[in-house]
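Everything on this sheet refers to the single structure shown next.
The values are calculated or read from the model by the stated rules, or taken from the named source; none is laboratory data. Keep in mind it's a predicted model, so treat the numbers as computed, not measured. Heads up, the Cβs are rebuilt from the backbone with ideal geometry, glycines too, and the neighbour counts pull from every protein chain shown.
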Amino acid sequence: MEYKIAHLFYLKNCRKTKSNLTPIYQRITINGKRLEHAIQREIDVSEWSKIAGRMKGKTAFAKNLNAYLDTLRNRIYDIERGDHFRRRKCHISSFQK
């Protein structure tokens with residue numbers, strides 16, 4: 001049951017909105033197979049930290065968005081742990097809605 005799982009939050013600059021905001025995407029990779037989807041949140045590019053994969057700042061909006069990103073990250077871990085405890089091989093279809 002060896003597998004490698006990785007996740008990433010990133011901005012997709014080619015999909016800017018009319019108000020010049022950029023959507024945030026989540027990528028989950030398991031053994032080289034990718035699943036990408038928008039998380040239905042948008043921010044200004046200057047407020048995003050590429051290194052941390054989070055929004056910069058300590059405003060209420062930044063704290064709420066970062067808490068939401070943490071919630072999504074924890075869901076990934078929960079699904080991964082559930083598959084591990086059920087002795088199932090972790091597969092990309094486990095993460096699809």
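Quick notes on this structure:
- On inspection, Ala6 does not qualify as under 27 Å from Ile79 (Cα atoms) and either over 17 Å from the mean Cα position of the chain (by Cα) or not in a strand (DSSP E or B) (or both).
- Scope region 30-47; condition of a type outside the set (Asp, Glu) and surrounded by 12 or more Cβ atoms within 10 Å (Cβ to Cβ); matching residues: Ile30, Asn31, Leu35, His37, Ala38, Ile39, Arg41, Ile43, Val45
- The conditions of being among the small types (Gly, Ala, Ser), within 15 Å of the chain's Cα centre (by Cα), modelled with pLDDT under 95 and under 17 Å from Tyr10 (Cα atoms) are not met by Ala67.
- The residue that is nearest to the chain's Cα centre (by Cα), counting only those in region 9-59 that are in a strand (DSSP E or B) and acidic (Asp, Glu), is Glu36.
- Residue count for region 9-38, restricted to those that are in contact with a strand residue (DSSP E or B) (Cβ under 6 Å, 6 or more places away or on another chain), farther than 23 Å from Arg75 by Cβ and of a type in the set (D, E, K, R): 2.
- Taking first residues from region 55-73 that are at negative phi and partners that are assigned to a helix (DSSP H, G or I) and charged (D, E, K, R), the Cβ contacts under 8 Å between residues at least 6 apart in sequence or on separate chains come to Met55/Glu47; Lys56/Glu47; Ala62/Glu47.
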